[in-house]
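First comes the structure, then the notes that go with it.
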């Protein structure tokens, strides 16, 4: 009879190292702008097992998409002025979201506004031509 070896939980140091490596890679190479990014892809980029990445994020009550979404939202907020005059689908695509509803949902949760409301509020309406 074969026995499965019992896994030991990841140490706090190992989880911190994984989070640091993941964030560094996501920011440096802007991997979060790829709407098709998967946990497996990031795991390969930081040379670790996808299970370790998943377990690390779960310990923070985050799923992989929630984690990546935070980087995408930060990118949207940081670059909002550059998006003046673009439509919601164009803005969403440039920020790594596959659907504008995703960005709208995340902005609503974070700030209580939609893409267009945020753009009007922070950036202002597009200049008249």
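Every number in this text was worked out from the coordinates using simple rules, so none of it is lab data. Every value quoted in this text rests on a predicted model; they were computed, and no experiment measured them. As a convention, Cβ positions derive from the backbone with ideal geometry for all residues, glycine included, and neighbour counts pool all protein chains shown.
Some points to look at:
- Residue check for residue 56: crowded, with 16+ Cβ neighbours inside 10 Å and over 14 Å from the mean Cα position of the chain (by Cα): yes
- Checking each residue in segment 6-62 for being part of a loop (DSSP other than H, G, I, E, B), more than 25 Å from residue 93 (Cβ to Cβ) and in contact with a helix residue (DSSP H, G or I) (Cβ under 7 Å, 6 or more places away or on another chain) picks out 10, 46, 48, 49, 59.
- Considering segment 67-84, and only residues there that are surrounded by 13 or more Cβ atoms within 10 Å (Cβ to Cβ) and over 25 Å from residue 57 (Cα atoms), the residue that is nearest to the chain's Cα centre (by Cα) turns out to be 80.
- All of 106, 102 fail the test of being closer than 30 Å to residue 16 by Cα and either part of a loop (DSSP other than H, G, I, E, B) or within 11 Å of the chain's Cα centre (by Cα) (or both), apart from 106.
- Of the residues making up segment 31-56, just one is closer than 15 Å to residue 74 by Cβ and either in contact with a strand residue (DSSP E or B) (Cβ under 9 Å, 6 or more places away or on another chain) or free of Cβ contacts under 8 Å to residues at least 40 places away in the same chain (or both), namely 31.
- Test: residue 85 is farther than 19 Å from residue 120 by Cα and not in a helix (DSSP H, G or I): no
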